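Remarks on the structure that follows.
Every read-out reported here was derived from the displayed coordinates using simple, explicitly stated rules and does not represent laboratory data. Quick caveat, the model's predicted, so the values are computed rather than measured. Backbone-built Cβ (ideal geometry, glycine too); neighbour counts: all protein chains shown.
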Amino acid sequence: MLLAGKKVVVVGGSSGIGLATAEMAKREGAEIIIASGNVERLDKAAEKLNAIAIPADVTSDDSVAELFQRCGPVDHVVVTAAQLRTGPFKTVAMEDVRGTMEGKFWGAWRVAQQAQIRAGGSLTLVSGFLSVRPRPNSAIVSAANGALESLARALALELAPVRVNAVSPRNHRHPDPRGDAGRGAARHAGESCGVAAGRPRRHWRRYRAANP
């Protein structure tokens with residue numbers, strides 16, 4: 001099992017891609033900690049996975065700091081949490097624009113800053129296809145995803161020897177023939193592939209740390 005004996009934290013692990021990632025990591029032998037702001041959903045997911053549940057709000061500095069104080073040193077962190085609010089560019093409320101950046105981008109920033117990831121571990125940020133395929137009424141989501149991918153490239157340099165990945169899922173209205181939606185994030189948490197931390201390179205909309 002790829003993740004036997006490893007501690008994996010999935011922020012946003014109570015539903016969707018986060019839950020799928022936690023399920024796959026659990027099957028690979030990891031000790032799972034899931035975090036979410038939705039306590040009811042979090043408790044149900046933790047019971048299903050037999051995982052540790054820690055309520056956390058990624059828009060709060062104190063909440064994220066407390067999360068990783070409770071986690072202690074970990075091997076892999078996956079961030080899928082996002083609170084996306086959007087609308088037509090000319091009329092979308094600035095409160096919604098700021099809220100989207102706060103949850104999607106600054107939330108990931110807080111997690112990356114507070115997580116105590118062991119050397120050789122990884123941080124995986126989940127962005128989205130709108131960074132490269134924007135559509136009407138979603139300019140702020142496109143911008144947030146693009147910013148998250150840029151952050152991953154920078155952190156691949158700054159956090160070495162921790163590996164930093166950015167995974168961009170497909171549009172989930174269309175089934176992924178390769179299976180579990182969380183497969184990419186879970187696999188990147190466990191893979192080494194002979195790739196060390198350092199200069200990031202782009203691979204199928206995923207940023208991996210490569211040798212300088």
Just give me the residues in segment 129-159 being touching a strand residue (DSSP E or B) at 6+ places or on another chain (Cβ under 6 Å) and under 23 Å from GLU95 (Cβ atoms), in sequence order.
LEU148
Restricting the search to segment 39-62, which residues are surrounded by 14 or more Cβ atoms within 10 Å (Cβ to Cβ) and over 14 Å from VAL10 (Cβ atoms)?
ASP43, LYS44, ASP57, THR59, SER60
Against the condition in contact (Cβ under 8 Å) with a residue 12 or more places away in the chain, within 26 Å of ALA4 (Cβ to Cβ) and either of a type in the set (A, V, I, L, M) or part of a helix (DSSP H, G or I) (or both), how does ALA144 come out, does it pass?
no
State yes or no: is THR59 under 16 Å from HIS76 (Cα atoms), polar (S, T, N, Q) and within 16 Å of the chain's Cα centre (by Cα)?
no
Determine if segment 39-54 includes at least one residue that is in a loop (DSSP other than H, G, I, E, B), more than 24 Å from ARG118 (Cα to Cα) and out of contact with any His (no Cβ under 6 Å at 6 or more places or on another chain).
no
Given ALA112, ALA82, which one is within 19 Å of GLY12 (Cβ to Cβ) and assigned to a loop (DSSP other than H, G, I, E, B)?
ALA82
Selection over segment 63-97 where residues are out of contact with any strand residue (DSSP E or B) (no Cβ under 7 Å at 6 or more places or on another chain), surrounded by fewer than 21 Cβ atoms within 10 Å (Cβ to Cβ) and either within 27 Å of LEU159 (Cα to Cα) or aliphatic (A, V, I, L, M) (or both) yields a count of 11
Segment 147-173 - residue that is over 14 Å from the mean Cα position of the chain (by Cα) and part of a loop (DSSP other than H, G, I, E, B) and, of those, farthest from VAL77 (Cα to Cα):
ARG173
